[in-house]
1. Looking only at helices (runs of 4 or more DSSP H) that fall completely inside the stretch 25-144, which ones have 3 or more residues that are within 13 Å of the chain's Cα centre (by Cα)?
2. Name the single residue that is farthest from Leu117 (Cα to Cα) among those in the stretch 134-178 being among the aromatic types (Phe, Trp, Tyr) and touching a residue at least 24 places away in the same chain (Cβ under 8 Å).
3. Hey, Lys55 hits all of (1) over 23 Å from Leu3 (Cα atoms); (2) touching a residue at least 40 places away in the same chain (Cβ under 8 Å) but one; which does it fall short on?
4. In the list Tyr169, Tyr139, Tyr165, Tyr122, which residue meets the criterion of being more than 26 Å from Glu43 (Cβ to Cβ), surrounded by fewer than 20 Cβ atoms within 10 Å (Cβ to Cβ) and of a type in the set (Phe, Trp, Tyr)?
5. Could you list, in sequence order, the residues of the stretch 145-175 that are part of a helix (DSSP H, G or I) and of a type in the set (Ser, Thr, Tyr)?
6. Out of curiosity, is Gly151 surrounded by 13 or more Cβ atoms within 10 Å (Cβ to Cβ) and not β-branched (Val, Ile, Thr)?
Amino acid sequence: MKLLLHACCAPCLLYPLDRLNLEGVDTTVYFYNPNIHPWREYERRLQALRDVAEKKRFGVIWDIPPESEDYGVTFWLNQMKGKRERRVRCPECYRIRLEMTARIAISYGFSAFSTTLLYSTYQMHDLIKLLGFSIGNKYGLEFLYRDFREGWFEGIEMAKEMEIYRQPYCGCIYSEQERYAKRAERLFKELIKDNKRHNL
């Protein structure tokens, strides 16, 4: 089997890649994540994956638009119009990345595809599995399913030992907003009190 493994980030790649290597699966890593925002976060995740690839000596197919300042975020935001809620936006985001992985797998002659999204305990695992098989059927390509969550803590320790960047949120602007929502609400309440105190 020649597998194209979509990688959402370096920390989530470590355990799945090791497990697949132990299984003897011929694996190539593919990076395509137009959901990541802002650019500095995107850049940090790219560099983390480059560092891991260099240390562990494997190649990566980088799906980066050539000669463009737009690294995919405009396309992603257009796809998310009217889909800001997590229950709607996440399935669409999974679909975009899995479908592109399948297309690239076919164009490069891979016999199967999979994703490190199956590693994270924060993602909608069953939905990713369902989408993977559905997209595989659509393109006549095998979707390799593994429940990589079993290695969650092992992967975290591997990332710490390698001292690579571990991101604090999913990657999209909406997940970042949700992450800081309560903090922002507390600050705004304090500012409103300041206004009232100064009769503004």
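1. Here the list reads 39-56, 86-108.
2. Step by step, filter the stretch 134-178, then rank; the result is Tyr139.
3. With (1) over 23 Å from Leu3 (Cα atoms); (2) touching a residue at least 40 places away in the same chain (Cβ under 8 Å) applied to Lys55, the lone miss is (1).
4. Tyr139
5. Tyr174, Ser175
6. The answer is yes for Gly151.
Let's see how each residue does on (1) charged (D, E, K, R); (2) more than 28 Å from Gln177 (Cβ to Cβ); (3) surrounded by fewer than 20 Cβ atoms within 10 Å (Cβ to Cβ):
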| position | (1), (2), (3) |
| --- | --- |
| His6 | no, no, no |
| Cys9 | no, no, no |
| Pro38 | no, no, yes |
| Glu54 | yes, yes, yes |
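Read the figures in this text as sums done on the coordinates, not as results from a lab. Model, not experiment: these values are computed from the prediction. Backbone-built Cβ (ideal geometry, glycine too); neighbour counts: all protein chains shown.
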